Amino acid sequence: MTSTPLFRSVDPSAGNDEMFAPDGVVRPTYAALHEALSGLGPEEFRARSESLARSYLDQGITFDYAGEERPFPIDAIPRVIDAEEWARVSRGIAQRVRALEHFLDDLYTEERAVADGVIPEQLVRSSTYVVDAMRGYRPPNGVRIHISGIDLVRDGSGEFRVLEDNVRTPSGVSYVLSNRRAMAQTFPELFTSRPVRRVGEYPGRLLSALQAAAPDTAEEDPTVVVLTPGRFNSAYFEHSLLARTMGVELVEAGDLVERNDRIYMRTTAGLRRVDVIYKRTDDDFIDPEVFRPDSMLGVPGLVRAILAGTVVVANAIGNGIGDDKLTYTYVPDLVRYYLSEEPILPNVDTWRLEEPESLAEVLDRLDELVVKPVDGSGGKGIVIGPAASTAELDALRERLRADPRGWIAQPVVQLSTIPTLVEDGPEPRHVDLRPFALNSGDDVWVLPGGLTRVALPRGEMIVNSSRGGGSKDTWVLAPERSAPGAGPAAGEVPSAVFAEEGIEDPTDLDGDEFDDPREEAAEPSVREPAPVTAAIPLIDVEDALDLETDTAPKGADDAQ
């Protein structure tokens, strides 16, 4: 047990806690935070934690849990990552994204990796995620993975390893932004003595990456929209927040229409051209002409417009094979093949069950391993062998024998823990980390920190919100710098450093919520965005003439 009253319930003897060493000594990365939190005392800390939770409820920051909308739990003890370690993680994430970009481009064009034996042909042919309609297509700036979320865990030695890749529609960045804002408002003093890198520039960076993806037919100021399945989607809060902070329109399928292989948005002033769509709808529902004909969440003719080069969808349709957990096992090989580099971040050791020898070993050791469906998400379908009953393991064996391609197996990774406030006070709880990366075509930028998800039930290893998990604010410390001349007082961050290094400044709360990507282009006196009818380019004369002979939405009959 630790000696401070606030952390008296923490037992770090297991050895995988990020704040405390096994002997109870605070690790250097957490020293300043531990001192500041301990200075608050248990009563003050709990009172502010409750205020933090209420702020999420008041703002409607929710998620879907078992069909019910609940406030997303945020824990008031941040996760801290030092600058040197983050630099390595950031490079590793960017490397992985670049390799997956090469793979997806190759897969839909030349298939060199298949011909050279790097990726088995059967993996591609058996994947349900490959979209034949997209074969031969190359995006205008070559980017298919505009936004990615790469899940990491620490292993028993404290090293970050990649758990899985998310390059279809990764979610959770809204909680990164909201967590930081709420923490800065509720615990401002925690930020004043340590340089924590800012996260508020993400919406501006995202908008820039999406604008950079615009087709050649776009105007100088491309029109970007966020496509949501609607307010009943579990991630609707995120969709609306990102649209608002980017200063773009949030649209549903009914707001968009295809005309002559171009996509338009319905507005009160008529149809307006759309250049880039940030889709938050699964591929299966995105275009009823190509995928599910009964989908009411898609835009008929969207794929035709993409192939015609008049609109770009982010992330690209067909990225799902990059999320396939069987593909995941080959990513280190893809890094070597496409980039001629050694992987910076290792995978978690994984058995491919389509290999007979691996299947036999896994079936023999099923009670020791974690088995996952290759197309699973949100923790669904995972079986943790040591926690499963004999009947569950017997049923799993039959499923593995029947469909070995559909599963992978991994050892039970003892996830690292971080003290987390529960009923009796802070106790260790398991965590993972989802860093987010944006690819503009010229650069892969990794958001400092990302989403730390925490498994709130004691002993739980699955951190997903669908299993009752919560989140923590993730702090990436800026590199230490020696200021010339007489420096600031001990422990004080110079005000100039906040701006120069992108350091979080809790006293700067006069902005709306996050950095406004429109402010740089606006006149100093203009704070509000222009009305939609003025901000979005009007249809040109040629388009208007085309529309006179085509007034009914294409694909309407096909969708019935």
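Residue-level analysis places VAL199 outside the set of residues that are assigned to a helix (DSSP H, G or I), touching a strand residue (DSSP E or B) at 6+ places or on another chain (Cβ under 9 Å), β-branched (Val, Ile, Thr) and under 24 Å from PRO506 (Cα atoms). The set of residues in segment 343-373 that are open to solvent by 40 Å² or more (accessible area, probe 1.4 Å) and under 14 Å from VAL97 (Cα atoms) contains only ILE344.
Exactly one residue among ASP443, ASP403, ASP432 is in contact with a helix residue (DSSP H, G or I) (Cβ under 9 Å, 6 or more places away or on another chain) and of a type outside the set (Val, Ile, Thr), and that residue is ASP443.
Listed by first and then second residue, the pairs linking a residue in segment 389-408 that is more than 16 Å from SER126 (Cβ to Cβ) to a residue that is open to solvent by less than 70 Å² (accessible area, probe 1.4 Å), with Cβ atoms under 6 Å apart and 6 or more places separating them unless they lie on different chains, are LEU393/LEU366; LEU396/VAL383; ARG397/LEU363.
Where helices (runs of 4 or more DSSP H) sit wholly within segment 279-374, those with at least 2 residues that are modelled with pLDDT of 95 or more, under 21 Å from the mean Cα position of the chain (by Cα) and not acidic (Asp, Glu) occupy 320-323, 325-328, 331-334. Of the listed requirements (1) open to solvent by 20 Å² or more (accessible area, probe 1.4 Å); (2) of a type in the set (A, V, I, L, M, F, W, C); (3) closer than 25 Å to ALA32 by Cα, ALA212 misses just one: (3). Taking the conditions (1) assigned to a strand (DSSP E or B); (2) under 30 Å from ARG181 (Cβ atoms); (3) of a type outside the set (Ser, Thr, Tyr) in turn, ARG272 satisfies each one other than (2). Residues in segment 14-48 that are in contact with a Ser or Thr (Cβ under 8 Å, 6 or more places away or on another chain), crowded, with 17+ Cβ neighbours inside 10 Å and closer than 19 Å to VAL454 by Cβ: ASN16, ASP17, GLU18, PHE20, HIS34. Total residues in segment 130-140 satisfying the condition of being open to solvent by 30 Å² or more (accessible area, probe 1.4 Å), part of a loop (DSSP other than H, G, I, E, B) and in contact with a helix residue (DSSP H, G or I) (Cβ under 6 Å, 6 or more places away or on another chain): the figure is 0. Only residues that are surrounded by 24 or more Cβ atoms within 10 Å (Cβ to Cβ) and assigned to a loop (DSSP other than H, G, I, E, B) were counted across segment 417-435, and they come to 1. Can you tell me which residue in segment 144-160 is farthest from GLN414 (Cα to Cα), limited to those that are open to solvent by less than 10 Å² (accessible area, probe 1.4 Å) and assigned to a strand (DSSP E or B)? Looking at residues that are open to solvent by less than 10 Å² (accessible area, probe 1.4 Å) and assigned to a strand (DSSP E or B), I get ILE147.
Within the set SER466, SER440, SER471, the sole residue that is open to solvent by 20 Å² or more (accessible area, probe 1.4 Å), closer than 25 Å to PRO203 by Cβ and either within 18 Å of the chain's Cα centre (by Cα) or at pLDDT 95 or above (or both) turns out to be SER440. For segment 212-228, the condition of being modelled with pLDDT of 95 or more and assigned to a helix (DSSP H, G or I) holds for at least one residue.
The values are calculated or read from the model by the stated rules, or taken from the named source; none is laboratory data. What you are looking at is a predicted structure, and each value in this text was computed from that prediction instead of being measured. Please note: Cβ atoms are built from the backbone with ideal geometry, for glycine as well, and neighbour counts cover all protein chains shown. For the accessible areas, the whole protein counts, side chains as well, though only heavy atoms, and no ligand, DNA or RNA atoms are used. Shrake-Rupley method; radii C 1.70, N 1.55, O 1.52, S 1.80 Å.
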